[in-house]
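The values are calculated or read from the model by the stated rules, or taken from the named source; none is laboratory data. These numbers come from a predicted model, not from an experiment. Ideal geometry is used to build each Cβ from the backbone, glycine not excepted, and the neighbour counts take in all protein chains shown.
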Amino acid sequence: MPSVGGKVLGIVLYIIPWSDSLIFGNHLYIKYPFTQIIQIPAIPIILIERSIPFGNLLLFLAIFIGLVRNNKVSYFLRFNALQSLLINIGIIIITFIFQIFFSPFGNTLIIRTFSSTLLISIGSIIAYCIWSCLQGNEPDLPGISKATKMQL
């Protein structure tokens, strides 16, 4: 059973992919200002990433080297750290694909619907991971958890 500190740090690690997924809700924040409240948990991560040069890369390396590859850290924390990094890499890839292929279409209804669906899907994944961490279990995401276990 992981410690309370391990659970809290496991939960905090999932804020990193959440901060990168908030870009998909830009039109929602304009049309429905009350949805901006979902950005609040990500503010510290966004400030760290934007205030330090190469903040994204440094944060990734710090978590990867400091937590994932450190055998002195508990398996629960290492698992959640690597899984959150893998989710974040997936979000970054989706963001690049979205910008390359869908930006020529502008702000059409289809693009807004697709980006809203992505935001809700990522939010659901992260909420499930946080819930599993609160219970002291490893979040079991198909594909991602298997890749995480193979790396650890």
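Pairs linking a residue in the range 89-116 that is under 22 Å from L57 (Cα atoms) to a residue that is small (G, A, S) and surrounded by 10 or more Cβ atoms within 10 Å (Cβ to Cβ), with Cβ atoms under 8 Å and 6 or more positions apart or on different chains, are I91/S21; F98/S115.
Could you grab the pairs with beta carbons closer than 9 Å, sequence gap of 6+ or different chains, first residue in the range 1-30 and within 17 Å of I46 (Cα to Cα), second one outside any helix (DSSP H, G or I)? These pairs meet every condition: Y14/P139. Checking I52, I93, I111, I100 one by one, the residue that is among the hydrophobic types (A, V, I, L, M, F, W, C) and within 16 Å of the chain's Cα centre (by Cα) is I93 and no other.
Of the residues making up the range 117-152, those that are aliphatic (A, V, I, L, M), assigned to a helix (DSSP H, G or I), in contact (Cβ under 8 Å) with a residue 12 or more places away in the chain and farther than 21 Å from G5 by Cβ are L118, L119, I122, I125, I144, A147.
Here's the yes/no breakdown for (1) closer than 30 Å to V4 by Cα; (2) assigned to a loop (DSSP other than H, G, I, E, B); (3) among the hydroxyl-bearing types (S, T, Y); (4) out of contact with any strand residue (DSSP E or B) (no Cβ under 7 Å at 6 or more places or on another chain):
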{"residue": "G66", "(1), (2), (3), (4)": "yes, no, no, yes"}
{"residue": "K72", "(1), (2), (3), (4)": "yes, yes, no, yes"}
{"residue": "R78", "(1), (2), (3), (4)": "yes, no, no, yes"}
{"residue": "T95", "(1), (2), (3), (4)": "no, no, yes, yes"}
{"residue": "F101", "(1), (2), (3), (4)": "no, no, no, yes"}
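Only one entry in I30, I16 is surrounded by fewer than 18 Cβ atoms within 10 Å (Cβ to Cβ), of a type in the set (A, V, I, L, M, F, W, C) and not in a loop (DSSP other than H, G, I, E, B), namely I30.
With the structure loaded, tell me whether N26 is at pLDDT below 90 and closer than 24 Å to T117 by Cβ or whether it fails that test.
On the way: at pLDDT below 90: yes; closer than 24 Å to T117 by Cβ: yes.
Considered against the rule, which asks whether it is at pLDDT below 90 and closer than 24 Å to T117 by Cβ, N26 comes out as yes.
For the structure I just gave you, tell me whether T108 is loosely packed, with under 15 Cβ neighbours inside 10 Å and of a type in the set (V, I, T). Considered against the rule, which asks whether it is loosely packed, with under 15 Cβ neighbours inside 10 Å and of a type in the set (V, I, T), T108 comes out as yes. For the range 49-61, the count of residues that are among the aromatic types (F, W, Y) and either closer than 21 Å to V8 by Cβ or assigned to a loop (DSSP other than H, G, I, E, B) (or both) is at least one. The test for being out of contact with any helix residue (DSSP H, G or I) (no Cβ under 9 Å at 6 or more places or on another chain) and of a type in the set (G, A, S) holds for S51.
Is it the case, given these coordinates, that R69 is in contact (Cβ under 8 Å) with a residue 12 or more places away in the chain and not small (G, A, S)? Considered against the rule, which asks whether it is in contact (Cβ under 8 Å) with a residue 12 or more places away in the chain and not small (G, A, S), R69 comes out as no. Applying the condition of being hydrophobic (A, V, I, L, M, F, W, C) and buried (at least 16 other Cβ atoms within 10 Å of the Cβ) to the range 112-126 and asking which residue is nearest to L28 (Cα to Cα) yields L119.
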